[in-house]
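Taking it in order: structure first as structure tokens, then the write-up.
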Amino acid sequence: NFLQELEKAIRKVIRVDDIKLDSSVEIIRPKRKINHPEELRSEYFNQPFFFGYYGLNKHAFYTMLWSEMLFNSGLYVNEFDLVDELGNLIFTVGQKGFKANECQALNVEAVFEPPTKGEVTFFDNNEYFEQLKSAGLIRQNS
């Protein structure tokens, strides 16, 4: 796969004893439906992907479509992190997931609604904090 090929390429150029590969699946849940790359928001203090680098908008736009496509397809989703469009973690889903269209968590055309099924851990530093708090899924920090 891509990461293994990257590791091989690095080993050819740089002599290292140990390379640790770590990856995760992140699905972006935009606050609203995004129809064009020009509508993407950029933040300069979050994860590098969201920095708004020139030429990256078309690729970033594609990633913004995944939550909507998963919802519309009703696919079973598991082992992923849901992040807001600025890269802030909303929730993580373990091995036991849920059908993407069983709630409005991935539906960008509806008000955000957290899933009630699956192994889900919720976080508070994101654009959906108020919805998660009102659902009783997280507590406000003291």
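In segment 60-142, which GluC sites (Glu not before Pro) fall in coil by DSSP and have 10 or fewer other Cβ atoms within 10 Å?
Of the GluC sites (Glu not before Pro), the ones in loops of segment 60-142 whose Cβ has at most 10 other Cβ atoms within 10 Å are E109.
Amide H to amide H, which residues 5 or more places from I90 or on other chains are under 5 Å from it, using H placed in the peptide plane?
L82, V83, D84
Per residue, how much accessible surface does the chain expose to a 1.4 Å probe? Answer in Å², no decimals.
66
What's the lysine pair count for the chain at a Cα cut-off below 20 Å, pairs eight or more apart or interchain?
Count of close lysine pairs: 8.
So how compact is segment 63-142: Cα radius of gyration and Dmax in angstrom?
11.9, 40
Report the gain in length on full extension from E109 to Y62: 0.36 nm times residue separation, minus Cα-Cα distance, nm rounded to one decimal.
15.3 nm is the gain from fully extending E109 to Y62.
So, in nm, how far is label K99 from label R11 when the simple model puts each one 7 Å beyond its Cα toward the Cβ?
About 4.4 nm separates the two model spin labels.
The values are calculated or read from the model by the stated rules, or taken from the named source; none is laboratory data. This is a predicted model, so every value here is computed, not measured. Virtual Cβ from ideal backbone geometry, glycine too; neighbours counted across all protein chains shown. Accessible surface is based on the protein model in full, side chains and every heavy atom, while ligands, DNA and RNA are left aside. Shrake-Rupley method; radii C 1.70, N 1.55, O 1.52, S 1.80 Å.
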